[in-house]
Amino acid sequence: MPNEILAGYCINENVKDMTADDAQKLTHLNIAAGTVQDGRAVLVSEEGVSCIPQLRQWNPALKCSVCFGGEFSTPCLTAEGRRQIAGDLAAIVRRCGLDGVDIDWEYPCCGENGLEADPADRENYTLLLQEIRAQLETAGQGLLLTSAVGAGQYFLDSTQMQQAQEFLDYVYIMTYDLRGAFQVLTGHHTNLYAPVGDIFLDSADAAARAYAAAGVPKSKIAIGMAFYTRVWKGVPNRYNGYLQIAKTRGEYGPHYDELLTGYINQNGYTRYWDDVCKAPYLFNGDTFISYDDEQSIRCKCAYVRQHGYAGVFYWEHGCDTTRTLLHAAYQSLYQEEEQQ
């Protein structure tokens, strides 16, 4: 089998719905079940991690980690606070038999999402990862430390990525929500390449190249796939709704399985393909929907193989109960390469 990874993020309550086929297709599973609150790293629930023994029966090679988000900034201002978080994480890894932890600090130095932020976050992100790595090494051999990171230049400017990556096994670049909640201009939210004629030039390709230029080895970089959508409403009925000023910002929209049953070339919606960006979208004369589908996912998988990146990952497992997108990624990464 090729070396590329296929990682999935799954929220706590959806892990129980995973099948043997799901587990056998994935190389890594990140269970979104952890948070940092009041200076402590805790599991919100052990519902998801309780499924790990069954998942490992289905796929002994599957690496299972827990993803931790929450309030990092204030406790990480001190060495004591960082040691506490790292110690909590190591204890959870031992107790639950995990293969590692994933850090989702959204976002160092940036408080736009309502979480605390401090200019010291830039260095403290590195120091936290260093402390976690040290604590994990005492907890067991070969334990993984990964981080979900923003796709924009802002995340690189807000961290010491060249130093931080030394403590990480993989850097999961969240190449979705490239536009959405803050923009009224319609467009792609998880495109592979930058659009032409757009004021926003974010893309998975641009993000991957930026992280590589910042000192992250390509062998650690994975790009993201979205199993959900971004939706703009009140869109002028011209140019198929693309690059138009909407009456709403790009809201979180239907999951992919909902698109299959009620949107794609149904109920007035037409699917369009942007061959420059390698991205699909839907428009019905008023509502614009940006998403990933089988075609765009195959493009992303071909891209990481061609350019030597670590692989791909997705958010979120429960958004496609048909497993259409997971199958497309698996087939593109592994089966198609075996046939060449």
Quiz item: Given q = 0.06, 0.10, 0.14 Å⁻¹, what are the Debye log10 I(q)/I(0) values for the chain, with equal point scatterers placed on the Cα positions and solvent ignored?
Solution: -0.20, -0.58, -1.14
Practice problem: For an R0 of 25 angstrom, estimate the FRET efficiency from the Cβ-Cβ distance between Gln163 and Asp17 and round to the nearest 0.05. | Solution: 0.05
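Normalised radius of gyration for the range 228-340, please: alpha carbon Rg relative to 2.2 N^0.38 Å, two decimal places. Don't skip to the end; give the middle numbers.
Values: Rg = 15.2 Å, N = 113, 2.2 N^0.38 = 13.3 Å.
Against the compact-globule rule of thumb, the ratio is 1.14.
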Quiz item: Spin-label point model (7 Å from Cα, Cβ direction): what's the Arg94 to Thr270 distance in nm?
Solution: 6.2 nm
Self-check item: Dipole magnitude of the range 31-156 about its Cα centre (Cβ charges: Lys, Arg +1; Asp, Glu -1), debye to nearest 20
Solution: 560 debye
Quiz item: Hey, how many Å between the Cα centroid of the range 135-170 and the Cα centroid of the range 174-241?
Solution: 22 Å
Self-check item: Within straight-line cross-link reach of Lys247, lysines at Cα separation under 17 Å, skipping those fewer than 8 residues along the same chain
Solution: Lys233
Exercise. Starting from the Cα of Lys63, draw a straight line to each of the lysines and keep only those under 18 Å, dropping any in the same chain fewer than 8 residues away.
Key: Lys16, Lys25, Lys220
Practice problem: Just order 129-136, 111-118, 93-100 by mean Cβ neighbour count inside 10 Å, highest at the front, would you? | Solution: 129-136, 93-100, 111-118
Quiz item: Relative to the longest principal axis of the chain, what angle (0 to 90°, nearest 10) does the C-alpha long axis of helix 294-307 take?
Solution: 50 degrees
Quiz item: In terms of modelled amide H atoms, which long-range or inter-chain residues lie less than 5 Å from the amide H of Lys63?
Solution: His28, Leu29
Practice problem: Treating cross-link reach as a plain straight distance, find the lysines whose alpha-carbon is under 22 Å from the alpha-carbon of Lys278, omitting any fewer than eight places away in the same chain. | Solution: Lys218, Lys300
Self-check item: Calculated FRET efficiency for the pair Glu137/Ala181, C-beta based, R₀ 45 Å, to 0.05
Solution: 0.70
Quiz item: Where both residues lie in the chain, what percent of DSSP beta bridges are antiparallel, nearest 5?
Solution: 35 percent
Quiz item: Which residues in the range 170-194 place their backbone N less than 18 Å from a point set 7 Å from the Cα of His307 along the Cα-to-Cβ direction?
Solution: 170-179, 188-194
Quiz prompt | Value of [θ]222 nm, deg cm²/dmol, for the chain, DSSP H segments ≥ 4, -39500 (n - 2.57) each, nearest 500 | solution = -8500 deg cm²/dmol
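Values in this text are rule-based calculations from the coordinates and carry no lab data. Just so you know, these numbers come straight off a predicted model, no measurement behind them. Every residue, glycine as well, gets a Cβ built from its backbone with ideal geometry; the counts of neighbours run over all protein chains shown.
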